[in-house]
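Here is the structure we will look at.
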Amino acid sequence: MPKNSPLYPSLLLALTLAACSSTPVTTSQRVEGTYAFRKPPAPAVVVDNSRVAPVTAQPVQGKKGPDNVAHIVYFDFDSYTVRPTDRPILESHARWLRSNPQQSLVLQGHTDSRGGIEYNLALGHKRAEAVRSGLQLLGVEQNRVEAVSYGKEQLADPGSSDAAHQRNRRVEFEYR
């Protein structure tokens, strides 16, 4: 199949996932899976006898990029792996970018307010790069997507609750 075929990214992803699942595991080995974007989510953490609700991105209209698709991907604490629930967001943006070759994208990585400046800048960059890698696996040319980090400098929510911290751990899509 030629690399410029529209089915090539899907075939490449399917073959990669199939290769990851073919490793035999004995019962005496620790089972550790390989996933395309991240491990399956762990159950919600109980803090002070209250459950922390996950943040889900809302579709955006009127911005550059795909309509009715979120322009934010959220991350778990101290993590830079894309959640399985956010894969459809990446797929929609990749499909839109492939059909609009004149557009470029800046991925802005953010963290919550905890931790040092340098650590958070690095974590924000890893988050933006994780989204960039996911888009690249889905057929978006690497030179059309830029990953930048703002660390904890541009908080979406200045609060200090778990919900506020969750809203700050994100990558935003900005089309140019």
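Some notes on this structure:
- Annotation: of all residues in region 151-176 being under 22 Å from L90 (Cα atoms) and of a type in the set (G, A, S), the one that is surrounded by the fewest Cβ atoms within 10 Å (Cβ to Cβ) is A156.
- Taking the numbered list (1) surrounded by 16 or more Cβ atoms within 10 Å (Cβ to Cβ); (2) in a strand (DSSP E or B) in turn, S113 passes all entries but (2).
- Meets criteria (part of a helix (DSSP H, G or I), surrounded by 19 or more Cβ atoms within 10 Å (Cβ to Cβ), in contact (Cβ under 8 Å) with a residue 24 or more places away in the chain and touching a helix residue (DSSP H, G or I) at 6+ places or on another chain (Cβ under 6 Å)) for L97: no
- Filter pass, Q102 being surrounded by fewer than 23 Cβ atoms within 10 Å (Cβ to Cβ), without any contact (Cβ under 8 Å) to a residue 60 or more places away in the chain and part of a loop (DSSP other than H, G, I, E, B): yes
- Of the residues making up region 75-111, those that are touching a Pro at 6+ places or on another chain (Cβ under 8 Å) and within 22 Å of K64 (Cβ to Cβ) are S92, H93, A94, R95, W96, R98.
- Put simply, of A128, A147 the only residue that is in contact with a strand residue (DSSP E or B) (Cβ under 8 Å, 6 or more places away or on another chain), of a type in the set (G, A, S), within 21 Å of Q103 (Cβ to Cβ) and part of a strand (DSSP E or B) is A147.
All of the numbers you see were taken from the coordinates with simple rules; none came from a lab. In this text the structure is predicted, and so the values were computed from the model without any measurement. A quick note on method: Cβ atoms are made from the backbone with ideal geometry, for glycine too, and the neighbour counts reach across all protein chains shown.
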